[in-house]
Amino acid sequence: MKNLKTNSISFLIVFISVCLVSIAPVHGAVFSTSSYSHENITPVLKNTILIAERDVLSFDVKPNINSTGNLSLIVHHEAWIINYYPEPKTLTVMSSVPASENHAIKNHTAFGNRTLMQQSTIPNLFHPKKTQVLEKPRIIEKGNDTQYIWNDITIDPNDAAIIAYSNDYMDSSGIYDGDRINLPGVSISREFNEFNSSFVMDYSLRNTGSAPLNVANLNVFFPEKVSGVQLIDSAEMVVNSPCGIDIAEKTSYNDGTGHYSTGHLLLSNCPDNLKSGEQQNYSITISGQKQNSGTIFPSVITYYRVDDDPYNATGSMKSIWPGVELVTENQVNISQYYYFEASVAIPETKFFIVTPDGNDTKNDNPIPRTATQSASLPVIMTGEALLFCMILGTIYKKTR
């Protein structure tokens, strides 16, 4: 086990630098120096229109007063339509969002360049000569479905048209299930306890899908200074982990209420695939001096990718969001490529009540509870909750 304590200032500088490039427009003809090309992958793409799609499950956290953070999941859908015919092709691109999948929560829908995310494997594999990013589509309601339509798009040989949009995926009502947090293909179990002034959090990340999870990692933030009040001082984090870890001390991040707090941040680095039915187990212990009364809401961060069968040769690959459809005047051959990934920060609904040690330590010990058991929580000052792009950049950097 690797236990590396990182200086918080240099830690944040690195995070900020990767954050600035994690979401950006795509331009130009060459995207990668990778040794892969469309000439050495299966299937053969000559005289084919390739639809290469990916979904990235992300999040939005809004701070709440006297409650846990208000969480919504967002899907970033991206499709590269690449023409491998020797002549231009004109087509219409449609993306239908069924009513059952169109969770209009806070209207996170956006289109075009500002929704593109970097670190995609698609340009690394297929190398289109030129790309055009399609901006806002025509939007129509058809029955219970919402359709995004880009009409009469002409794509030259070996070029690509890219459609990209962000859409609400679901709110937290379908995520939290007692001691489990449910995500596509993943279940995260957690249990909190307190022993002899040590706070113990046991997490288990389990692959509940049929496909392996690539570079599945679980990260945890434990706040110690909340609303400017030092609840725990001289804290130390000890972790039993299935793989290598980094630990950052005195780091600011969004806690389980969606506000910034300061504390320890665990970053795991698990490079191996997690097969169907397998799980990673983490035991995290924080020990320190209790200074003031308050409430500690941790938060959990996870990243994983499902890309074991991108051409769906097995027929078992299931997308987490509806794919695009093409309409052409003349019949064309179509090949499809797909993978998805999740990069999600999740506010905890479990928490610890902290009181300073007194003469009767049995009565003064913190009590682990769930948010539904709390009648009144301290007011926490307002702040933003979107530092996770820093974590995303760090995780991507470790996996490249």
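The values are calculated or read from the model by the stated rules, or taken from the named source; none is laboratory data. Being a predicted model, the structure only gives us computed values, none of them experimental. Quick reminder, even Gly has a Cβ in these numbers, built from the backbone with ideal geometry, and neighbours come from all protein chains shown.
In region 265-283, what residues are part of a strand (DSSP E or B) and more than 17 Å from residue 211 (Cβ to Cβ)? Step through it out loud before you land on a result.
In the first step, residues of region 265-283 are kept if they are part of a strand (DSSP E or B); the result is 265-269, 274, 279-283.
Hits for region 265-283 are 265, 266, 267, 268, 269, 281, 282, 283.
Residue 105: at pLDDT 95 or above and within 21 Å of residue 136 (Cα to Cα), yes or no?
No, not satisfied.
Residues that are over 30 Å from residue 49 (Cβ atoms), at least 3 per element: which strands (runs of 3 or more DSSP E) completely within region 127-228 meet that?
Passing ranges, in order: 180-183, 186-195, 198-207, 214-226.
Hey, can you tell me all the residues within region 213-237 that are touching a residue at least 60 places away in the same chain (Cβ under 8 Å), surrounded by fewer than 23 Cβ atoms within 10 Å (Cβ to Cβ) and over 18 Å from the mean Cα position of the chain (by Cα)?
Hits for region 213-237 are 227, 228, 229, 230.
Of the residues 257, 251, 262, only one is crowded, with 17+ Cβ neighbours inside 10 Å, outside the structural domain of residue 56 (by TED's automatic domain parsing), hydroxyl-bearing (Ser, Thr, Tyr) and touching a helix residue (DSSP H, G or I) at 6+ places or on another chain (Cβ under 6 Å); which? First the steps, then the outcome.
On the way: 257 fails: touching a helix residue (DSSP H, G or I) at 6+ places or on another chain (Cβ under 6 Å); 262 fails: touching a helix residue (DSSP H, G or I) at 6+ places or on another chain (Cβ under 6 Å).
Testing whether each residue is crowded, with 17+ Cβ neighbours inside 10 Å, outside the structural domain of residue 56 (by TED's automatic domain parsing), hydroxyl-bearing (Ser, Thr, Tyr) and touching a helix residue (DSSP H, G or I) at 6+ places or on another chain (Cβ under 6 Å) leaves just 251.
Okay, residues lined up against (1) of a type in the set (A, V, I, L, M); (2) at negative phi; (3) at pLDDT below 90; (4) not assigned by TED's automatic domain parsing to the domain that holds residue 153:
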site	(1), (2), (3), (4)
309	no, yes, no, no
314	no, yes, yes, no
317	yes, yes, yes, no
320	yes, yes, no, no
325	no, yes, no, no
329	no, yes, yes, no
332	yes, yes, no, no
335	no, yes, no, no
338	no, yes, no, no
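Yes/no per residue for (1) of a type outside the set (A, V, I, L, M); (2) out of contact with any Pro (no Cβ under 7 Å at 6 or more places or on another chain); (3) farther than 22 Å from residue 69 by Cβ:
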site	(1), (2), (3)
145	yes, no, yes
148	yes, no, yes
163	no, yes, yes
169	yes, yes, no
182	yes, yes, no
186	no, yes, no
246	yes, yes, yes
251	yes, yes, no
